[in-house]
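Working notes, structure below.
The values are calculated or read from the model by the stated rules, or taken from the named source; none is laboratory data. As the structure is a prediction and not an experimental result, all values here were calculated from the model. Using ideal geometry, Cβ is built from the backbone for each residue, glycine included, and neighbour counts are taken over all protein chains shown.
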Amino acid sequence: MQQFLDRSVLRVVPATPVTAPWGTPPALRTVADLAAAGSASAAVAPAAAMQREVTYNRARPSRLSWWVLCLALVLSLVAWNTGRGALDAAAGAVLFAGFVVMSWGIGTRWAVAGRIPASNMYESLLFLGWAWGCSRWSHPSSSATAS
């Protein structure tokens, strides 16, 4: 147990000297970095697919969409408290922009992975939230409640 706690048995990636207790992955900023860090299967991947993944990792679309969606929330709260219709319209436009950014990110991740982006809980929840948003936008009357 002590070796687990002092990280002497953990290896994120193989370290340069095999006996080293810890290694960190290199930064993947270019297609060449991705090809050099990957296995043989990654080295034979098409350059366009690797460039798409590098672009996805640089853009960080999920982080960007969360910032845009937080701005939409702030605008919506201010519009709600002040009663200004222009702020409400701006909040709706920013919400739509956040949804577009999230859609681009999910689509790019889907293209990079070659499957629905659900390899971990974070991707699964993003995809679930995105799909729920799609269903609400495509059927807005079904989300209305009777008063």
When the residues of the range 54-84 are filtered to those that are over 30 Å from residue 32 (Cα atoms) and among the small types (Gly, Ala, Ser), which remaining residue is surrounded by the most Cβ atoms within 10 Å (Cβ to Cβ)?
-> 72
Residues of the range 85-122 classified as closer than 17 Å to residue 64 by Cβ and crowded, with 17+ Cβ neighbours inside 10 Å, total | 12
Identify the single condition in (1) in a loop (DSSP other than H, G, I, E, B); (2) in contact with an Asp or Glu (Cβ under 8 Å, 6 or more places away or on another chain) that residue 118 does not satisfy, given that it satisfies every other one.
-> (2)
Would a scan of the range 62-83 turn up a residue that is part of a helix (DSSP H, G or I) and in contact with a Pro (Cβ under 9 Å, 6 or more places away or on another chain)?
-> no
Single match in 91, 111, 144 (criterion: more than 18 Å from residue 57 (Cα to Cα), modelled with pLDDT under 85 and either touching a strand residue (DSSP E or B) at 6+ places or on another chain (Cβ under 6 Å) or among the small types (Gly, Ala, Ser) (or both)) = 144
